[in-house]
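For reference, the structure discussed in these notes is given below.
No value in this document is a laboratory result; all are computed from the given coordinates. Remember, predicted model here, so these are calculated numbers, not experimental data. Please note: Cβ atoms are built from the backbone with ideal geometry, for glycine as well, and neighbour counts cover all protein chains shown.
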Amino acid sequence: MTRRLPVAAAVLALVLGACTTGSSNEVEVFSWWTAGGEADGLEAMLDVFSEEYPDYEFVNAAVAGGAGTEARAQLATRLSQDDPPSSWQGHAGQELIGTYVAADQIESLNFLYDEEEWRDVMPEGLIDLISEDGEIYSVPVNIHRANVMWFIPENLEGWGVEAPTTWEEFLTVAEELDSQGVTPLAMGFQWTSMHLFETILLGSLGADAYNALWDGSGDWSSAEVADAIATFDAVLDYTNEDASTIEWDAAAQLVVDGEAAFQIMGDWAEGYLKSKELDPETGFGWAPAPGTDGMFQFLSDSFVLPKDAKNRDGAVAWLKIAGSQAGQDAFNPVKGSIPARSDGDRSLYDAYLTSAMDDWAADTVVGSLTHGVVANDAWKAEIDTALGLFLSDRDPDAFQTALAEACTAEGACS
Ligand code: GAL
């Protein structure tokens, strides 16, 4: 007895010690960056963090699933159990404001914007998208472009085709590719078809009419939306048969392997292609998604500070790195995005990314649906349900009616 008590006490002290040390030092960052390129980008930013804050232990709580499909579901469960990570990835725009701010789950970051003088270096329009009632709620790390078409130039040459600039041209090229046994367009899980659809909507309607769909002044029942749906329907016929069972990076790999010719995907695909040792221009090529030249359909990944954050100081330290020039210039060249800050070091960015910087400055900028900018989660979920039905029944009229109803149901359209 007398000998066992001290041992038990020592074990208890050890366990308690481990718990206290663990929880006070750990900075648990939640994201969905697990694929080639995006995981490497996170790693690069983490190196900057670890160098600046060696006493914190970074816990990478990334959950696989492009566009956050799986991660966001798991995050919602954790938040409902009052178990937030130290910080999580959220898209600037309605995803942030309509979900986390609406549910009062995150802190205002005005204090950090003052301290770090971020108002001077982050675009005003972007700050507006992450603000409500004068409070700024997240730290954007990047700007991604959604409306990009990716391909391997050498493969196109071998098949004797060129990258199409309109969907009409695509359908002609697709026939040719199809006759050679090549899948014209690589697609993946349902979210990638929403991604495709939003670029077709933009290309068909143009920037103003596309924007109008989201602010309630547009008409989801219009002939122009019907045309976009008809194009989407025709394009879907030229996608891979296993689309519904593969992730975006596996779809990108079909292009790399020469099984498919094109992919419409955000520029995290460039991070993936570079992770496969392909170089911009020589190894892979890109073009605006058909019909969207001069338009930049954007989204931005940002990080938040939860209310009652686990290790709040550590979380703030992470946010400082995410918003810093050093953090962004380590992350973005690998991730395939451009810095949210306006003072990134251009010399660190490759031919694709510098072209994206130029386009971001010159093009008409609109927001992405799939990646949280233009519609809140409830509205997006209704669109997603309608899209799921359309992918199986391919009934364009029913799809358009459901889209119009979704806008009304969410109060955006009267
Ligand atoms: C987007 C996100 C990107 C990238 C992509 C694929 O929603 O903004 O950073 O991770 O999903 O997972």
Item checked: Cα Rg, Dmax, the chain, angstrom units -> 22.6, 87
Next item on the list: Taking the chain as the reference, fit the longest principal axis to its C-alpha atoms, fit the long axis of helix 190-205 to the helix C-alpha atoms, and give the angle between the two in degrees, 0 to 90, nearest 10.
Entry: 50
Notebook entry, point to check: Taking a temperature of 37 °C and a viscosity of 0.692 mPa s, what whole-number D in µm²/s does Stokes-Einstein yield for segment 65-134 with Rh from Kirkwood over alpha carbon pairs?
Noted result: 244
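If segment 192-231 were replaced by its equivalent ellipsoid, with semi-axes equal to the square roots of 5 times the Cα gyration tensor eigenvalues, what would those be, largest first, whole Å?
They are 15, 11, 8 Å, listed from largest to smallest.
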Notebook entry, point to check: Given C-alpha coordinates of segment 106-211, what is the ratio Rg to Rh with the Kirkwood estimate of Rh?
Noted result: 1.17
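For the chain, what does -39500 (n - 2.57) per DSSP helix run (n ≥ 4), summed and divided by total residues, give at 222 nm, in deg cm²/dmol to the nearest 500? Present the calculation step by step, with values, prior to reporting the outcome.
Numbers: 17 runs with 204 residues, N = 414.
So the helix-based figure for the chain works out to -15500 deg cm²/dmol.
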Check: For helix 325-335, what angle does its Cα long axis make with the longest principal axis of the chain, in degrees from 0 to 90 and rounded to 10?
Finding: 50
Item checked: Reachable lysines from LYS380, criterion Cα separation under 27 angstrom, eight or more residues apart if same chain -> LYS307, LYS335
Next item on the list: Before anything else, pin down the relative contact order of the chain: Cα pairs under 8 Å, at least 6 apart, normalised by residue count, whole percent.
Entry: 28
Next item on the list: Considering only ASP249, ASP301, ASP358, give the residue with the highest GNM mean-square fluctuation for the chain, with springs between Cα atoms whenever their separation is below 10 Å.
Entry: ASP358
Note to self: Using 10 Å bins from zero, what percent of all Cα-Cα pairs in segment 306-414 falls into each bin?
What the structure shows: 12, 25, 23, 27, 13, 0
Notebook entry, point to check: Residues of segment 137-163 with amide nitrogen under 12 Å from the 7 Å Cα-to-Cβ point of GLU281?
Noted result: none
Item checked: Cα point-scatterer Debye curve for segment 244-341, base-10 log of I(q)/I(0) at q = 0.12 Å⁻¹ -> -0.55
Next item on the list: For segment 19-97, go through all pairs of different Cα atoms, get the mean of 1/r, take its inverse, and jot down that Kirkwood value in Å.
Entry: 13.6
Next item on the list: Bin width 5 Å, alpha-carbon pairs only: give the P(r) of segment 138-182 as whole percents, running from 0 to the bin holding the largest distance.
Entry: 5, 17, 23, 21, 10, 6, 6, 6, 4, 1
Note to self: Could you compute how fast segment 173-255 diffuses translationally, taking Rh as the Kirkwood radius over C-alpha pairs and applying Stokes-Einstein at 37 °C with viscosity 0.692 mPa s? Give it in µm² per second.
What the structure shows: 237
